[in-house]
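Read the structure below first, then the notes.
Every number here is computed from the coordinates shown, using simple stated rules; none is lab data. All values derive from a computational prediction rather than experimental measurement. Counting neighbours? That spans all protein chains shown, and the Cβs are built from the backbone with ideal geometry, glycine included.
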Amino acid sequence: MANFVKVADAGEIAPGTGRCITVNGKEIALFNVGGVFHAIDNTCIHRGGPLGEGELDGAVVTCPWHGWQYDVTTGRNIMDESEGVERYDVKVDGGAVLVAV
């Protein structure tokens, strides 16, 4: 069973942005899409780029290295939906953002 771990305060990540976080040794990209938080693996499956440093357009993040795109709500690759990165459950409790790992 996954445990929820506090990773940020909700006010620290503005809507339309993301950041890289480390939770229990895992590199995770955390995004704020219109006030709703989503978390996926931080490592692009193409060449390992840091997705948390990518540009977020709606619910789609673009890897800053080679432009691969992912839906942050599902982790699915936009160009080939049969591929993707792991998605993590996220919840907000009392202003704290928690990710299940």
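Here's the yes/no breakdown for (1) touching a residue at least 12 places away in the same chain (Cβ under 8 Å); (2) surrounded by fewer than 16 Cβ atoms within 10 Å (Cβ to Cβ); (3) over 17 Å from C20 (Cα atoms):
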| position | (1), (2), (3) |
| --- | --- |
| W65 | yes, yes, no |
| Q69 | no, no, no |
| T73 | yes, yes, no |
| E83 | yes, yes, yes |
| V90 | yes, no, no |
| V97 | yes, no, no |
Checklist line | Every residue from region 13-37 that is touching a residue at least 40 places away in the same chain (Cβ under 8 Å) and either charged (D, E, K, R) or assigned to a helix (DSSP H, G or I) (or both) | finding: K26
Checklist line | Of residues in region 42-56 being part of a strand (DSSP E or B) and out of contact with any Phe, Trp or Tyr (no Cβ under 7 Å at 6 or more places or on another chain), the one surrounded by the most Cβ atoms within 10 Å (Cβ to Cβ) | finding: T43
Next item on the list: Run down A59, A2, A39, A29 and say which single residue is among the hydrophobic types (A, V, I, L, M, F, W, C), within 16 Å of V97 (Cβ to Cβ) and surrounded by fewer than 16 Cβ atoms within 10 Å (Cβ to Cβ).
Entry: A2
